[in-house]
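Participant: This is the structure I want to talk about, given as structure tokens.
Just so it is clear, none of the values below were taken in a lab; they were calculated from the coordinates. Here the structure is a predicted model, which is why all the values come from computation and not from measurement.
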Amino acid sequence: MIVLTLKGGYMAKNDRIVKVVSEQGPLGWIFFTAYIGAVIYFFQFDLTVWGFVVALIKAVFWPALVLYEVLRNLGV
């Protein structure tokens, strides 16, 4: 039997200590909103099931592509 208890921000489970993060702040909400907006933007070009799957994948990787292009244009 596994017993989970909450002690001062930590959850004990079988002699392992796992930190429980309960406050993410507004930055997580901003990232989530940007992700959902990117999914909607990419999904409008292909309104199929596979288009939705591709939109989910593109929404994850578009910030890295934008950063790459910015750095490349700066000559870094």
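Participant: Would you mind calculating the gained length between A34 and L47 on full extension (0.36 nm times residue separation, minus the Cα-Cα distance), in nm to one decimal? Walk me through the numbers on the way to the answer.
Facilitator: Numbers: separation 13, 0.36 × 13 = 4.68 nm, distance 2.00 nm.
Using 0.36 nm per residue and subtracting the Cα-Cα distance, I get 2.7 nm.
Participant: So what are the three principal axis dimensions of the stretch 25-76 from its Cα atoms, in whole Å, longest to shortest?
Facilitator: That gives 39, 30, 13 Å along the principal axes, largest extent first.
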